[in-house]
Each structure stands twice: as structure tokens, then as C-alpha cells.
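Just below is one structure, and these are the notes that go with it.
The values are calculated or read from the model by the stated rules, or taken from the named source; none is laboratory data. Since this is a predicted model, take the numbers as computed values, not measurements. Reconstructed Cβ throughout: ideal geometry from the backbone, glycine too, with neighbour counts over all protein chains shown.
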Amino acid sequence: MNWLNRWELYAFGSAFFAGLTAILGKLGVAGVNSNLATFIRTLVIIAVTAVILFIRDEWRKPESIPASTWLFLTLSGIATGLSWLCYYRALQLGPVTKVAPIDKLSVVFAILLGVLFLGEHLTWQLAVGGSLIVLGSLVMVLF
């Protein structure tokens with residue numbers, strides 16, 4: 001695994017499963033309200049994550065987790081929930097081939113927010129790559 005670092009493997013896994021999520025989500029919201037679909041999805045995620053934590057013996061006492069971690073994970077959870085609610089509603093109303101490219105603009109938002117709030121450096125490669133993502137999304141959605 002010399003050519004592929006561990007974080008890269010997980011990043012590719014994330015991209016693959018996000019793509020699969022779009023297809024399965026589109027099929028799933030066909031017969032149910034998008035908010036209920038998001039709730040069901042969330043319950044499944046909780047169950048799967050709990051099983052993984054149990055198998056790997058990674059449970060921690062809540063009081064051992066720093067307050068700042070609780071704050072940021074709570075805010076992240078709110079952002080994730082809002083993202084999922086919007087995503088599932090968009091899938092219910094529109095074609096996956098148009099919804100998914102717009103959703104992937106999250107990469108551009110992550111780059112911008114990383115630069116603004118985390119002090120990450122905006123390199124020319126990031127600027128060009130982000131611009132290409134925006135351009136590609138526009139081409140896929142508008143034409």
C-alpha cells in the first residue's frame with residue numbers, strides 16, 4: 001500500500017459510498033417523505049456505528065471527552081443533518097444526475113472554509129481544481 005496512504009483509501013471509500021448513497025437515496029425517497037427517509041437513514045447510521053464501536057472496543061465515557069469536542073461535533077451533526085435533509089428533498093424533487101453534481105460543490109465550500117477558518121493555504125492547484133469542480137457542476141446541471 002505504498003502508493004495509497006490510509007487517508008486516501010478512506011477518502012476514495014467516502015466518494016464511492018457517497019455516489020452509492022445518491023442512487024440508493026433516490027430509490028429510497030420514492031415512496032416516503034424525505035424527512036422520514038433522512039430519519040430512517042440516521043437510525044441505520046447510528047446502529048452501524050454502534051456495532052463498529054462495540055467490535056473495536058472504542059467506547060469512551062462521555063465525561064472524558066473535552067467540551068470543545070462536544071461543541072464542534074454537535075455543530076457538525078447539525079450541519080450534517082441539515083445537509084441530509086436538503087439532499088434527500090432535492091433527490092425527491094430532481095434527477096440524481098443534477099442533484100449530485102450540485103452536492104459535490106461541498107468540496108469547493110470545504111476548500112474556502114478551510115482557508116478562511118482553519119488557516120489552510122490556497123494553492124494554485126486548489127484554486128484551479130476548485131474552479132474546475134464549479135465549472136464541471138455548471139456544465140452538468142445547465143446543459
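A few comments on the model shown:
- Check on residue 9, under 29 Å from residue 143 (Cα atoms), surrounded by 10 or more Cβ atoms within 10 Å (Cβ to Cβ), modelled with pLDDT under 95 and not assigned by TED's automatic domain parsing to the domain that holds residue 128: no
- Checking each residue in segment 37-51 for being more than 11 Å from residue 84 (Cα to Cα) and of a type outside the set (Gly, Ala, Ser) picks out 40, 43, 44, 45, 46, 48, 49, 51.
- Any hit, segment 58-70, residues being within 24 Å of residue 137 (Cβ to Cβ) and not basic (Lys, Arg): no
- Any chance residue 40 is free of Cβ contacts under 8 Å to residues at least 24 places away in the same chain, among the β-branched types (Val, Ile, Thr) and farther than 30 Å from residue 95 by Cβ: no
- Annotation note: Cβ proximity below 9 Å between a residue of segment 3-23 that is among the hydroxyl-bearing types (Ser, Thr, Tyr) and a residue that is modelled with pLDDT of 90 or more (sequence gap 6+ or interchain) occurs for 21/41; 21/87.
- Restricting the search to helices (runs of 4 or more DSSP H) fully inside segment 13-131 and requiring at least 2 residues that are surrounded by fewer than 12 Cβ atoms within 10 Å (Cβ to Cβ) and of a type in the set (Ser, Thr, Tyr) gives 67-93.
- Any hit, segment 26-41, residues being farther than 21 Å from residue 101 by Cβ, among the aliphatic types (A, V, I, L, M) and more than 21 Å from the chain's Cα centre (by Cα): yes
- Residue 81 closer than 30 Å to residue 31 by Cβ and within 19 Å of the chain's Cα centre (by Cα): yes
A quick yes/no check of all residues on (1) of a type in the set (A, V, I, L, M); (2) modelled with pLDDT under 95:
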position: 18; (1), (2): yes, yes
position: 27; (1), (2): yes, yes
position: 36; (1), (2): yes, no
position: 44; (1), (2): yes, no
position: 49; (1), (2): no, no
position: 72; (1), (2): no, no
